[in-house]
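The values are calculated or read from the model by the stated rules, or taken from the named source; none is laboratory data. Since we're looking at a predicted model, the values are computed, not measured. Note that each Cβ is placed from the backbone with ideal geometry, even for glycine, and that neighbours are counted across all protein chains shown.
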Amino acid sequence: MTVQRIPIIIDTDPGIDDAVAIGVALHHEELEVKLISTVAGNVDVDKTTNNALKLVQFFDKFTPVARGASKPLCTEYEDSSRIHGESGMDGYEFPEAKAAIHQEHAVNAIRQLLMNSEEKVTLVPIGPLTNIALLLSLYPECYFRIERIVLMGGSANGGNHTQTAEYNIFADPEAAKIVFSSGLDVTMVGLDVTSKATLTPDNVIAIRDQNETGKMMYSLFQHYRGGSLKTGLKMHDLCAIAYLVKPELFTTKKCFVDVETAGAYTRGTTIVDQKNRYQQPPNTTVCLDIDVEAFRMWAVKCLAAAR
Ligand code: RIB
Ligand code: CA
């Protein structure tokens, strides 16, 4: 029986948890990764682009990679290499990437793909939303070619970059505001949920021992500061991929979501109006919980399908 594959574009800032999400997506039978677009985030855009090329090469795929925004819409770029290491994927010596990047800027590459695609495409941002905001602002004709946006970012309760703001949204709050207010079908897989989605030490050993991909990821995990090998490694970005193919793992609620862009202490915070206090029409499907054990089993199984 042929499986109907979901066409997706992954917009990413690899990033060790991005690498896991990309690895699973590139091997999942229900997904067709049409393009990987990169953005400045965990590390600068040259590094995130180089990392994406290295991952595609490692997995023996031919997925195009397009280089995107080098800074947020309204502020200067701030490095975040403390979480993922200087290169953004410290811990494993990938061979130099041989493939050339897409000749177009990521925003133009996404537009070209959307306008030439016979079917609508799902956007899966797992880094700051700069490229997506630029696409929606420069090319409104793309709206009708986008199936939905399933993003890792924001939080219904507590932040990681500040007390209240999650990194991907904090990195470019103005971009995030454009995405959440776009009127498109947006799903937010937020930090309060993704922080529960950890790989246990036993999961990590099982992944390490299954194949070359597992060995590579185990090496990266030694340098990943999203949780720890002892307490569990937070698979933030993998949750966005999980939502696409196993939405039943998640508890969700349609809510009005907006982004604070001005607060001295709260800039980058996602306001998730679960009680409809602002009397605004809901604009986002917000993930509020996850079946952690089922997620772990799914993640280990998916990574077994890689090389
Ligand atoms: O807050 C978690 C997010 O920030 C993840 O996408 C991680 O890769 C970092 O970019
Ligand atoms: Ca990321």
With a cut-off of at least 3 residues that are closer than 17 Å to LEU129 by Cβ and touching a residue at least 12 places away in the same chain (Cβ under 8 Å), name the strands (runs of 3 or more DSSP E) lying wholly within region 1-98.
-> 6-12, 31-38
Within region 224-258, considering residues that are over 19 Å from the mean Cα position of the chain (by Cα) and in a loop (DSSP other than H, G, I, E, B), the one surrounded by the fewest Cβ atoms within 10 Å (Cβ to Cβ) | LYS230
Subset of region 114-135 (residues that are among the small types (Gly, Ala, Ser), more than 17 Å from PRO14 (Cβ to Cβ) and assigned to a loop (DSSP other than H, G, I, E, B)) = SER117
Evaluate the following for THR231: is it of a type in the set (Val, Ile, Thr), on the phi < 0 side of the Ramachandran plot and in contact (Cβ under 8 Å) with a residue 60 or more places away in the chain?
-> no
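Here's the yes/no breakdown for (1) within 18 Å of the chain's Cα centre (by Cα); (2) at pLDDT 95 or above:
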site: ASN51; (1), (2): yes, yes
site: LYS54; (1), (2): yes, yes
site: PHE62; (1), (2): no, yes
site: SER80; (1), (2): yes, no
site: HIS84; (1), (2): yes, no
site: GLY88; (1), (2): yes, no
site: PRO95; (1), (2): no, yes
site: ALA99; (1), (2): no, no
site: PRO128; (1), (2): yes, yes
Identify the residue in region 103-113 that is over 20 Å from the mean Cα position of the chain (by Cα) and either part of a loop (DSSP other than H, G, I, E, B) or in contact (Cβ under 8 Å) with a residue 12 or more places away in the chain (or both) and, among all such residues, is surrounded by the most Cβ atoms within 10 Å (Cβ to Cβ).
-> GLU104
For LYS254, the lone unmet condition from (1) over 19 Å from GLY91 (Cα atoms); (2) in contact (Cβ under 8 Å) with a residue 60 or more places away in the chain is (2)
Going by the structure shown, is VAL179 under 20 Å from THR252 (Cα atoms), within 19 Å of the chain's Cα centre (by Cα) and not in a helix (DSSP H, G or I)?
-> no
Of the residues in region 139-191 that are without any contact (Cβ under 8 Å) to a residue 60 or more places away in the chain and within 12 Å of ligand 1 (Cβ to nearest atom), the one that is surrounded by the most Cβ atoms within 10 Å (Cβ to Cβ) is LEU191
State whether the residues of region 285-296 include one that is in contact with a His (Cβ under 9 Å, 6 or more places away or on another chain), part of a loop (DSSP other than H, G, I, E, B), under 22 Å from GLY158 (Cα atoms) and not basic (Lys, Arg).
-> no
